[in-house]
Amino acid sequence: MLDAQLKTQLQGYLQKLVQPIELVATLGADGKSAELRELLEEIASLSDRIAFRDGGDAARTPSFEIRRVGSDVAVAFAGIPLGHEFASLVLALAYCWSAVPEVGTLLAHVASNLDALEVVGPRIIAEALSLVSAFWILKRSFRFPK
């Protein structure tokens, strides 16, 4: 599902995983569920710190969560995150393997990894900045587990 160049770049990015995460899917018998399974299995194959598991209990199908193992930290997606949504997936992976960073740290992280994300296209910058804003608002509103 992912082209060779994107797979290589994503694999390099996933080498930074410190904590194990799991991709927990809620799938049906339809074609979109099969596509999502393929994508999640492919991502899980890129790092020994990522596990794929079917059998989620989300209300929407197909959907999945990225969960930090051993905690209640999770980010949920409905549908297949391809195109500009793929950037959100990569940033969600980063969020789940670490504590929510300070805004400056997150901006620096995004800036230092643009080479890994630029394949997605120029909309990645706007997408990343909107996610930074969302994380900043969440961080100011809620207490996140460490």
field: Whichever residue in segment 79-93 is assigned to a loop (DSSP other than H, G, I, E, B) and at pLDDT 80 or above and, among such residues, is surrounded by the most Cβ atoms within 10 Å (Cβ to Cβ)
entry: Ile80
Counted residues, segment 28-38 - those being in contact (Cβ under 8 Å) with a residue 40 or more places away in the chain and either under 17 Å from Gly12 (Cα atoms) or among the polar types (S, T, N, Q) (or both): 0
query: Does Ser33 satisfy the condition of being modelled with pLDDT of 80 or more, surrounded by 15 or more Cβ atoms within 10 Å (Cβ to Cβ) and of a type in the set (Ser, Thr, Tyr)?
result: yes
query: Taking only pairs six or more apart or across chains, which ones have beta-carbon atoms under 7 Å, a first residue in segment 39-55 that is within 13 Å of Leu14 (Cβ to Cβ) and acidic (Asp, Glu), and a second residue that is at pLDDT below 95 and surrounded by 17 or more Cβ atoms within 10 Å (Cβ to Cβ)?
result: Glu42/Leu2
task: List every residue pair whose Cβ atoms sit under 8 Å apart, with the two residues 6 or more apart in sequence or on different chains, where the first one lies in segment 60-76 and is acidic (Asp, Glu) and the second, anywhere, is in a loop (DSSP other than H, G, I, E, B) and at pLDDT below 85.
output: Asp72/Pro145
message: Can you report the number of residues in segment 27-67 which are of a type in the set (A, V, I, L, M, F, W, C) and touching a Cys at 6+ places or on another chain (Cβ under 8 Å)?
response: 1
message: Could you tell me how many of the residues in segment 5-30 are loosely packed, with under 13 Cβ neighbours inside 10 Å, of a type in the set (S, T, N, Q) and either under 14 Å from the mean Cα position of the chain (by Cα) or part of a loop (DSSP other than H, G, I, E, B) (or both)?
response: 1
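The values are calculated or read from the model by the stated rules, or taken from the named source; none is laboratory data. Small disclaimer: the values here were computed from a predicted structure and weren't measured. Reconstructed Cβ throughout: ideal geometry from the backbone, glycine too, with neighbour counts over all protein chains shown.
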